[in-house]
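The values are calculated or read from the model by the stated rules, or taken from the named source; none is laboratory data. All values reported here derive from a predicted model rather than from experimental measurement. So basically every Cβ, Gly included, is an ideal-geometry build from the backbone, and we count neighbours across all protein chains shown. For accessibility, only protein heavy atoms count, side chains too; no ligands or nucleic acids. Shrake-Rupley method; radii C 1.70, N 1.55, O 1.52, S 1.80 Å.
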Amino acid sequence: MSKRNVGEVILDLRNISLSFGGVKALTDISFDVREHEIRAIIGPNGAGKSSMLNVISGVYTPQQGEIIYRGEHHTHTDPHAMAAHGVARTFQSLALFKGMSVLDNIMTGRSLKMRTGILQQAFWKGAAEREEIEHREFCERIIDFLQIQAYRKTPVGRLPYGLQKRVDLGRALAMEPTLLLLDEPMAGMNVEEKQDMSRFVLDVNDEFGTTIVLIEHDMGVVMDISDRVVVLDYGKKIGDGTPDEVRSNQDVINAYLGVAH
């Protein structure tokens, strides 16, 4: 269902090919992402979905193809450079600091925004103190937005899985991303947790205007919240379009969604 004021193309992936030794992870894949949309990537296990997210975020450099992000060509990049350009991501396997509080975990997402030097931060006076307070206030607003105020001082490792996923989302939001990459944000969740996370994803997109690229296995969720869907199978693109177009694409039905009735 198309719902927001979707804008111009913000990310254009052209003829992306990625291999590890002799194994082809991605073969000649092209698709684009428009500003303010929710763009889903689906496909069976081993289809190349996470590899594609790793290409976008700078973890992998493709052997062939072009990545054009906000009008700039990126051929050789890295996660730090892409983060500085406004790309943030969550991870399929949670990479949180389990012994640290919810607030401190989300604060780690502000590291790129820190302007004071290590020496100033060590003494925590003047500019460093003001900056710390400013960043904490920003993170507190994210905590309110994600409705996890009751857990702000709780070590993340003590939280239920669904809430840990919410903290992971909060840490990515703390980077103030233009483009947010979500790698299976609802994996391992029960129905109620999935409903909550779906609502937060829609709210991030709607209230912050954040463009979202989403990998998700739950087809009900994908069809409900996505503007457009790209389908991968064995590292190749087999479908691309609106949820309704993808749902009725025979190649997609054969490879992934099951036999049409």
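A few remarks follow.
- The residues on offer are V252, V222, V246, V259, and the sole one that is of a type in the set (A, V, I, L, M, F, W, C), more than 30 Å from Y69 (Cβ to Cβ) and modelled with pLDDT under 95 is V259.
- Residues of region 217-255 that turn out to be within 19 Å of S50 (Cα to Cα) and open to solvent by less than 10 Å² (accessible area, probe 1.4 Å), as a count: 9
- When D12, D32, D28 are checked against the criterion of being closer than 16 Å to S226 by Cβ and either in a loop (DSSP other than H, G, I, E, B) or out of contact with any helix residue (DSSP H, G or I) (no Cβ under 9 Å at 6 or more places or on another chain) (or both), D32 stands alone in meeting it.
- Options Q64, Q120: the member that is more than 21 Å from the chain's Cα centre (by Cα), at pLDDT 85 or above and open to solvent by 70 Å² or more (accessible area, probe 1.4 Å): Q64
- Filter pass, G22 being among the small types (G, A, S), out of contact with any helix residue (DSSP H, G or I) (no Cβ under 6 Å at 6 or more places or on another chain), at pLDDT below 95 and surrounded by fewer than 16 Cβ atoms within 10 Å (Cβ to Cβ): yes
- Every residue from region 133-162 that is under 21 Å from R199 (Cβ atoms), open to solvent by less than 20 Å² (accessible area, probe 1.4 Å) and part of a helix (DSSP H, G or I): C139, I142, I143, G162
- Where strands (runs of 3 or more DSSP E) sit wholly within region 202-261, those with at least 3 residues that are among the aliphatic types (A, V, I, L, M) occupy 211-215, 228-233.
- Counting the residues of region 193-206 that are loosely packed, with under 14 Cβ neighbours inside 10 Å and touching a residue at least 12 places away in the same chain (Cβ under 8 Å) gives 2.
- Residue tally, condition in a helix (DSSP H, G or I), crowded, with 21+ Cβ neighbours inside 10 Å and out of contact with any Ser or Thr (no Cβ under 6 Å at 6 or more places or on another chain), over region 172-191: 1
- Only one entry in T77, T90 is more than 22 Å from D218 (Cβ to Cβ) and of a type in the set (V, I, T), namely T77.
- Pairs linking a residue in region 72-99 that is under 18 Å from L11 (Cβ atoms) to a residue that is surrounded by fewer than 11 Cβ atoms within 10 Å (Cβ to Cβ) and acidic (D, E), with Cβ atoms under 8 Å and 6 or more positions apart or on different chains, are H85/E72.
Table: residues versus (1) more than 19 Å from the chain's Cα centre (by Cα); (2) under 15 Å from R171 (Cα atoms).
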position: S17; (1), (2): yes, no
position: A25; (1), (2): yes, no
position: H76; (1), (2): yes, no
position: A88; (1), (2): no, yes
position: S93; (1), (2): no, yes
position: K98; (1), (2): yes, yes
position: M107; (1), (2): no, yes
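- Here R110 clears all of (1) open to solvent by 70 Å² or more (accessible area, probe 1.4 Å); (2) among the basic types (K, R); (3) at pLDDT 80 or above except the condition numbered (1).
- Residue match in region 202-210 (condition: at pLDDT 95 or above and under 18 Å from N105 (Cβ atoms)): yes
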